[in-house]
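Presented below is the structure to which this report refers.
FYI, it's all coordinate maths here, none of it is from the lab. Given the structure is predicted, the values throughout are model-derived calculations rather than measurements. Neighbour counts are summed over all protein chains in view; Cβ atoms, including those assigned to glycine, are modelled from backbone coordinates with ideal geometry.
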Amino acid sequence: MYPELGQLALILALLLAVLLSVVPLVGSLTGRDNLQAFARPLASGVFVFIGLSFAILTHAFLTDDFSVAYVANNSNSLLPWYFKFSAVWGGHEGSLLLWILMLSGWTMAVAVFSRRLPAVMISQVLSILGMVSVGFMLFIIVTSNPFDRLLPNVPMDGADLNPLLQDFGLIVHPPMLYMGYVGFSVAFAFAIAALINGRLDAAWARWSRPWTTVAWAFLSVGIALGSWWAYYELGWGGWWFWDPVENASLLPWLSGTALMHSLAVTEKRGVFKSWTVLLAIVTFSLSLLGTFLVRSGVLTSVHAFASDPERGTFLLVLLAVTIIASLTLYAFRAPVVHVRSRYGSFSREIFLLLNNVLLVSATLLVAVGTLYPLVLDFLDMGRLSIGEPFFNLTFSPLAIAAGLLMGVGVFSRWKKTDAGWLARKLLWPLAVSVLISTAVMVGYGGFTPWAFLGIFTSVWVTTATFWDLWDKSASRKGRIHGLKRQSRSYYGMVFGHLGLAITMAGATVVSNYGIERDVRMVPGDVAELGDYQVVFKEIGERRGPNFTAQYGSFDVLLDGKLVSELHPEKRQYAVAMSVMTEADIDGGLFRDIFVAVGERISDDAWAIRIQYKPLIRWLWLGALFMATGGFLAVSDRRYRIREPVARSTTKPVSDPTDVQGAAGAVS
């Protein structure tokens, strides 16, 4: 009975989403306040019924209801309860339901926290989010119903969750990633609503900016968690493989980063408005593209959920409709936007524009490298593999250029910056960065051009950021007062830039100075790993809740002293009949020692993978800094709208006199 209630809740949510798509939009276009008033109650109703459906599916997993096909295919009675809970989104149908739950949650949040926005704007935003919800709910009901029954032939037990997914990473990674993916739908909805109204002004950017920043912060955490999960779970010790599905999450992050910077310029100066709207459309479209790649069957990946052509066709149609409709509206409405604002060659506007050009170029590069082989295969024009060497060779220069530009841009000023003053300002940070980078290279004992450029860029961004912070803290009442005087938005920028520098430092050092060895070892053998020695002591056995494992005991020594004891495992899952490698890692802020047990070579000999990973944790530490910066920025008090917005502000921005007024009001 409960599964039928879950399906009924899905259908009711779909009906409410259809009403949300139509009724408030009609009200906003006809000026009928009574119809616009339905927007918030309908958004709440969609969230309640989707939440009820998700809760019922969760109950089916926790109670081992194997009459539900999705539960039978992705769970087992021996599975620990916390993995049963995360198994709700461990397969295609449940992950899609989680996606829709997140979407309804974002819609509900917009309805709750935007009460002082103009009724016309919020009605259109919620209607557009309702349209997106309709598309995905039709997809799940028509092609991916998670409540399909196996009656009357109910299996005695389930097929088990994929052993790769029986990990803490499944509990935290997909929800964070989906919060970012789906969050960009809000920026998309605000952009489309602004196009409909012709209101591409600074106020629109201010309303949209915090939602975009929060989505970007969640996506940053989600990508970092995915990288961390792959690092310790897959047994190969890598942190990024340029897998097409990994790239699918990187694409909206890159364009979303450009969107955040473009929104900042639009809010502050009232310029780049058409560019900002286009980036909002592209970023959400790339989120949909990621959904298509994972669920269409065009990819074979450990990340992919489905291989059903019917599902792929449905998603492709949804993606095409979204892109074509939004770009058509953009083509008609964007040209009417006029901006009267001038800025010099070394202004902050120019540096942010160049930054966006680099980010968009990186997005296009990753998109082409990911999609080109798929298109060739689809057209039967042969198979082509574009892997890590291509992306490292082409992406790295763009990342370094963006970092170098960031260090310069932080000192620039709006409208105009004197070139001589800027050059003098950069002199000391440049000298300090060269000295520190050289010292780091000497410390790691080797020089390569790319390693130096990567380290220099990360040090340059860090030095420039702290130098700017020191300048801004100058005050007659002391430095502490000067620091307190800065806004949370500014500190969000500081954390974001430092996070990028930390991540770049980690990626550069671990890629150029890491040590990897695959060795044959028997108990008693010692393997050298840089300054460390890894001693293979013995092989033992243990039993888990739904697996048996052979584990190796290893001592890690430094100068003859014990540093840590590691116990990597080779697990055999009885139900799934699969073997998994579980690495063990001695982690630290400045290095990791990674040990994984491979195949048995002979009666007493094993293939062992040992790795020394300097600064690898800085990759994920930097992502946490960036996410913290995002959340800190949206807490800035200027995003708390205290006064209701007058109806007169809905005047289309095509009136050029409105640009400077709107920008001044926000500043």
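Helical runs assigned H by DSSP (4 residues or longer) give the chain a calculated mean residue ellipticity at 222 nm of -21500 deg cm²/dmol, each run adding -39500 (n - 2.57) before division by the residue total.
How large is the Kirkwood hydrodynamic radius of segment 519-617, counting all unique pairs of alpha carbons, in Å? Numbers along the way, then the final one.
Working: mean 1/r = 0.0715 Å⁻¹.
Evaluated on segment 519-617, it is 14.0 Å.
Classified by the C-alpha gyration tensor, the chain has an oblate form. Its axis ratio a/c, with a ≥ b ≥ c, is 1.5 or above, and a/b does not exceed b/c.
Please arrange R116, R476, R295, R149 by how many other C-beta atoms lie within 10 Å of their C-beta, fewest to most.
Numbers: R116 12, R476 6, R295 25, R149 16.
Starting with the residue having the fewest Cβ neighbours, the order is R476, R116, R149, R295.
Can you flag which of K425/K477; K425/K484; K84/K537 are past 28 Å Cα-Cα?
Values: K425/K477 24 Å; K425/K484 23 Å; K84/K537 35 Å.
Among K425/K477; K425/K484; K84/K537, the Cα-Cα distance tops 28 Å for K84/K537.
Starting from the Cα gyration tensor of segment 135-208, take the square roots of the eigenvalues, sort them a ≥ b ≥ c, and report rounded, prolate or oblate (rounded when a/c is under 1.5, otherwise prolate if a/b is larger than b/c, else oblate).
Working: a/c = 6.87, a/b = 2.13, b/c = 3.23.
Judged from the Cα gyration tensor, segment 135-208 comes out oblate (a/c at least 1.5, b/c at or above a/b).
Computed packing ranks the peptides 465-475, 277-287, 557-567 as 277-287, 465-475, 557-567, most packed first, by mean other Cβ atoms within 10 Å. Of the peptides 516-528, 245-257, the ranking by mean beta-carbon count within 10 Å, highest at the top, reads 245-257, 516-528.
The alpha-carbon atoms of segment 428-547, seen along their principal axes, cover 68, 43, 21 angstrom, with the largest extent given first.
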